[in-house]
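Following: one structure in structure tokens, then a few remarks.
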Amino acid sequence: MSRIRPLNLPLSIYFPNKRLVSLAVELKNVPGALMEDLAVIHRFGINIVGLLSNTATANSPTTSVVIHLDVSGVEEEKLQEMLEEIRRQEKTLSAHILDAGIHSFTADQYHNRILSLNARVVLMSEASLKGLLHSLYTTFGDAAAAAFLYHMGMGGGHAIARYEKQLFKDPRVCIRAIEHNAVAFGYAHRLTIREVGATMFEVIFEGLFECEYLAGKKGPTSNWIRGMAAGFIEELFGGKWSATEVKCVNAGDGVCMFRVVRQ
Ligand SMILES: [Zn+2]
């Protein structure tokens, strides 16, 4: 089992009894640019509670960073002084303080579209995803909800594989990339995909969100991600593939495992 190291993504932060603001800076994409601003924050003795850095690839001339600050007890004048000092840094193009005006709370109000690998990403909270899954099962019944989720997943799997193929070309590199991305995007704690001959893949998830959210139902319970696994392999290798969940945390197993088999 993987040790769980959660990332509390600092898109918005609630920190009781603290005054929080965010600093948004636009930087030249050159080495040391962020270091200059961090050194200023350090000199003013202000504590950083989270930092969001944009991806800075070699061909983008600028990049942006949002730095969430605990400014409890810091006078307005001192904060302004720090801001002016940051604006004077050679590699800093602009700097703004963002104040949500809500006590103990700050959010990234600078960026207004989230991307990963240059494609738009929408984050859904556990509450909304659980609500979505449970309402499908209670409204349509197990069999209809399972079919709906499987085919929805299948379409998603095809689309993800098409996108990855543009980046990585080789289907086996796409498989290695999805193992990493499934973890980076929070779908599971670990994903391992094994090729078993020419007609079968074993797809093993530790901590798969779908089955964790359906805890209490008798397993196997994955339909959405099961469909996604089949669609992903179909798109990479052609032909018709189907996926069966042969191990599931909701059937008492330690992992969720699918066999994806060529039809
Ligand atoms: Zn499962």
Checklist outcome for this item: Cα-only Rg/Rh for segment 126-262 with Kirkwood Rh rounds to 0.95
Checklist outcome for this item: Cross-link reach from residue 91 to lysines, straight Cα distance under 26 Å and at least 8 residues apart if same chain, gives 28, 78
Checklist outcome for this item: By the DSSP-based rule, helices of the chain that are at least 18 Å long along the axis (C-alpha) and have a mean Kyte score of at least 0.5 are 224-237
Checklist outcome for this item: Expressed as a whole-number percentage, the relative contact order of segment 126-262 with C-alpha contacts under 8 angstrom and at least six residues apart is 28 percent
Checklist entry - Sequence-distant or interchain residues sharing an amide H contact under 5 Å with residue 247, placed H: which? => result 257
Next on the checklist: At a threshold of 8 angstrom on Cα-Cα distance, excluding pairs fewer than six apart, so keeping six or more, what relative contact order does the chain reach in percent?
Outcome noted: 17 percent
Checklist outcome for this item: Stokes-Einstein D for the chain (37 °C, 0.692 mPa s, Kirkwood Rh from Cα pairs), in µm²/s, comes to 155 µm²/s
Checklist entry - Taking H as built 1.01 Å from N, whose amide H comes closer than 5 Å to the amide H of residue 190, not counting residues under 5 places away? => result 206
Checklist outcome for this item: Sorted by chain and then number, the residues having a modelled amide H within less than 5 Å of the amide H of residue 62, at least 5 places away or on another chain, are 29
Checklist entry - Along the three principal axes, how long is segment 4-135 when you take its alpha carbons, biggest first, rounded to the nearest angstrom? => result 53, 42, 28
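We did not get these values from a lab; they are worked out from the coordinates using the rules stated. Keep in mind it's a predicted model, so treat the numbers as computed, not measured.
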